[in-house]
Amino acid sequence: MSDPPLEGGVVWIQDWQLILSYSQGDVFKFWDSYAVPGTGILEGHVTFPGQSEECYNAKNGLTGIAVRPFPDTEMFIVKFYGFSLGMCNPSSCSAEEVSFIFGNSSTVVLARKKFNADVGFVVAVLVYGLILSVVFCATLRGTFLRAKAKYESLKSDNQATYDVTPPTVTTVQEETDHTNSKELPQYQQRRDPLAIRILMSFDFYANFCKILETPKVPNPDQLDVLNGMRVMSLGWVIISHLLLLWLTIVDNVIYVIDRSKNLLFQTIANGFSSVDTFFVMGACLVMLGTLRSMDKLKSANKPQGVFWCWFYVHRLIRLWPTLLLTILFVAGIYPNLAPLFYSPIFQNEDPSMPFAARCKRSNWLSTAFFYNNLVDNPNIACMDWTWYVSNYMQFYLISPMFVLLTMRKRLFGAVAISTVIAISTLTVILGSGWNKVPPANSGFPILARYETASVTFDMFGPWTIKTYFSSYCRFQAYGVGLLLGIALYDKKAMSDHLEKIPFHVRLLIITGTWVSGLMAGSVSVYGCYFWANGAHTGVWEVAVYNATMRLMWAYFICVIILNCSLGYGGVINDILGAKIWSSFAKVNYTTYIIHFVLLQLFVQTLEQPIRFTTFNYILYASGMLMCINCVALVCSCIIETPFIQMEKVLLGVK
């Protein structure tokens, strides 16, 4: 045996000698905190973190040493031979010294992270402190002005009560004008200096009211059905990500994998289509909104150059504040949350690349400048779940090309978009077939078939990563969304044409689109069900499925949006277009950016593994959905909405 490491002197050895000098009964809490391997090992129960709270408070309480000298202790996670065990040790020990105690060079020891006020933490505290100070000042001023306006309103009402002048007959319009002028806060009626208006963009209460506000009169140009689709699709993303993180901490992971054969479980196991919903909606709005803006510029005889500049600037203002401040939180604040919890945080991570370290140094640049989907391994990029934002921004950059072609002639735009979709589809087919990419580009839907998944397919190969993350393999759904935008731009002509068709033929067309769309969506999500349950899985069959699953889902989403906008949505339109979704849809982007941080924090602060059951998972998923949306609402009032308001102020938009 080699000599013990003495970087910290022999303090840790002396602490151990002191602990061993007491009887086990005297320091029962210390020894009781140690992990004891239990049952369920064959189900994947290999993580036993012990009782962290007992370890950190070993010298206190009825079963601690209390009065006599006893060193501070903390829990270390020792990993060897696939097991993770919690071992209580003196705080004077380092991870290397604990590893020396076990005398096994293959042992990995993880200690709870200590508070570290590095440059990232200092910058994060200063930036967040500045933003919160501005929000506080703006909210305080707004509250004072609102209270003053309310006081003046009540004062005028009291004066009117004692007015003995006989009432005069007024028209409805006069009453409406009087009511509107009285309800309009006086601080909104006067024009403040530019600096004050920028400051008031951070008024928390005003931003909160804007988010909760719902339109009283429906706007026929608005696609209200998208609100419900946004919220539901993001909920699908969140519960799918929760399952992926649960696989690292459940004590029956083999059971969870085996459950993937279940048809309903495939909804989560193959929930990758949820992201394609956002590609379709985003592309549709880009095409539709830009074409309408071009019409307004033409009618006003204004140049297009400034518009195209703001086309990109506006998008950056929309995306950057929330994204950059979340990166700063992950890199600067998140590592220092560990001392707040008993759980040895980061215990389930790869020690060489922990969650927060992925955004350290220059790693954050790929996420901030929207190319983290193109790095060598996007799975370990800074905030790797934001690969969608990078893809979307890359598609957004080339969108004007398709818009300009469409403006010149509808056919030119449709042909160009269809050509790129065909190229992307062919790329996925060839890449999947030649490189044995698993079904759904991940293999998770058929993980229960070990012999098929491990022998036939390359589960972690470079092309498996490319077909999922790369923009040239993900353009299909975005392209279909662009085509949908063109169709909705000519919605009136399409609607008039349908009205001229005999009723029975029109009914057949509408019914056919709904049925075909539902079938396409079902095949896209549940196409792996038979493979997961033992059906033959050919490499090129899988390649065709990988290349068409996103097209099928995009078609399904298009059917919903198009039929609802044409008035053939029925109860689907009533559900997806309900006002209840409006507020949550407004904070959808913030919810997406921060959701994985909150899920990661939840998982890493657990003190004991969770046992997976369907009911247990439903309860946790429901709670996390509510918590994440509430946190996103607050964050949006502080970060996202103020910058949107600031942009309007600087552009002179009332």
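The 3J(HN,Hα) values that the Karplus relation (6.51, -1.76, 1.60; θ = phi - 60°) gives for the stretch 81-87 are, in residue order, 6, x, 9, 10, 10, x, 10 Hz. Gly and Pro appear as x.
Applying 1/(1 + (r/R0)^6) with R0 = 41 Å to the Cβ-Cβ distance of Q222 and F369, what FRET efficiency is obtained, to the nearest 0.05? Provide the component values of the computation, followed by the final result.
Working: r = 32 Å, r/R0 = 0.78.
Calculated value: 0.80.
Rolling a 1.4 angstrom probe over the chain with all protein chains present gives an accessible area of which 66% lies on carbon and sulfur atoms.
Mean sequence separation of contacting Cα pairs (under 8 Å, at least six apart), scaled by the length of the chain, corresponds to a relative contact order of 20 percent. Once you sort the root eigenvalues of the Cα gyration tensor of the stretch 406-523 as a ≥ b ≥ c, which label holds: rounded (a/c under 1.5), prolate (a/b larger than b/c) or oblate (the other case)? Oblate.
The residues of the chain expose, per residue, 50 Å² of accessible area to a 1.4 Å probe.
Before anything else, pin down the relative contact order of the stretch 515-584: Cα pairs under 8 Å, at least 6 apart, normalised by residue count, whole percent.
Once normalised by length, the contact order is 39 percent.
The length gained on full extension between D192 and L340, counted as 0.36 nm times the residue separation minus their Cα-Cα distance, comes to 48.9 nm.
Could you pull out every whole DSSP H run in the chain that spans at least 20 Å of Cα extent along its own axis and averages 0.5 or higher on the Kyte-Doolittle scale? It would help to have the intermediate numbers written out before the result.
On the way: long enough: 119-161 (63 Å, 0.78); 225-246 (32 Å, 1.49); 273-300 (41 Å, 0.73); 305-328 (34 Å, 1.20); 387-408 (33 Å, 0.70); 410-435 (37 Å, 1.37); 471-489 (27 Å, 0.99); 503-526 (34 Å, 1.20); 539-566 (41 Å, 1.35); 588-604 (24 Å, 0.98); 614-635 (31 Å, 1.59).
Qualifying helices, which must be both long enough and hydrophobic enough, are 119-161, 225-246, 273-300, 305-328, 387-408, 410-435, 471-489, 503-526, 539-566, 588-604, 614-635.
Work out, in µm²/s and without decimals, the Stokes-Einstein translational diffusion coefficient of the stretch 512-654 at 4 °C, 1.567 mPa s, Rh from Kirkwood over C-alpha pairs. Can you show the working numbers first?
Values: Rh = 19.4 Å.
My calculation gives 67 µm²/s for D.
Just to verify a number: FRET efficiency for L404 and I317, C-beta to C-beta distance, R0 = 25 Å, to 0.05? Please report the intermediate quantities before stating the final value.
Numbers: r = 23 Å, r/R0 = 0.92.
After rounding to 0.05, the efficiency reads 0.60.
For the residue pairs K500/K579; K466/K491; K296/K409, the alpha carbons lie more than 27 Å apart in K500/K579; K466/K491.
What does the C-alpha gyration tensor say about the overall shape of the stretch 249-352? Classify as rounded when a/c is under 1.5, otherwise prolate if a/b is larger than b/c, or oblate. Judged from the Cα gyration tensor, the stretch 249-352 comes out oblate (a/c at least 1.5, b/c at or above a/b). A Cα-only calculation for the stretch 358-468 places Rg and Dmax at 17.4, 54 Å.
Full extension of the chain between L430 and I380 yields a length gain of 15.4 nm, computed as 0.36 nm times the residue separation minus the alpha carbon distance. In this simple spin-label model, placing a label point 7 Å from the Cα along the Cα-to-Cβ direction at both L140 and T511 gives a separation of 6.7 nm. Where a ≥ b ≥ c are the square roots of the eigenvalues of the C-alpha gyration tensor, would you call the stretch 13-123 rounded, which needs a/c under 1.5, or, failing that, prolate if a/b is larger than b/c, or oblate? Here the stretch 13-123 falls in the oblate category. A full extension of the chain between L411 and N533 corresponds to an added length of 39.5 nm, given 0.36 nm per residue minus the alpha carbon distance. Once both labels are positioned 7 Å from their Cα atoms along Cα-to-Cβ, the gap between T419 and D32 label points is 7.5 nm. With q set to 0.07, 0.10, 0.11 Å⁻¹, the log10 of I(q)/I(0) for the chain, from the Debye formula over equal scatterers at the Cα positions, is -0.59, -1.07, -1.23. Amide H contacts of F48: S84, L85, G86, each under 5 Å away and 5 or more positions distant or on a separate chain (H built 1.01 Å from N in the peptide plane; Pro and chain starts excluded).
Here F469 sits with roughly 20 square angstrom of accessible surface, probe radius 1.4 Å.
Compute the FRET efficiency between F643 and K148 as 1/(1 + (r/R0)^6), taking r as their Cβ-Cβ distance and R0 = 45 Å, and round to the nearest 0.05. Could the numbers behind the result be given before it?
On the way: r = 27 Å, r/R0 = 0.61.
That pair, F643 with K148, gives E of 0.95.
The values are calculated or read from the model by the stated rules, or taken from the named source; none is laboratory data. This is a predicted model, so every value here is computed, not measured. We place every Cβ from the backbone using ideal geometry, glycine too, and count neighbours over all the protein chains shown. Accessible surface is based on the protein model in full, side chains and every heavy atom, while ligands, DNA and RNA are left aside. Shrake-Rupley method; radii C 1.70, N 1.55, O 1.52, S 1.80 Å.
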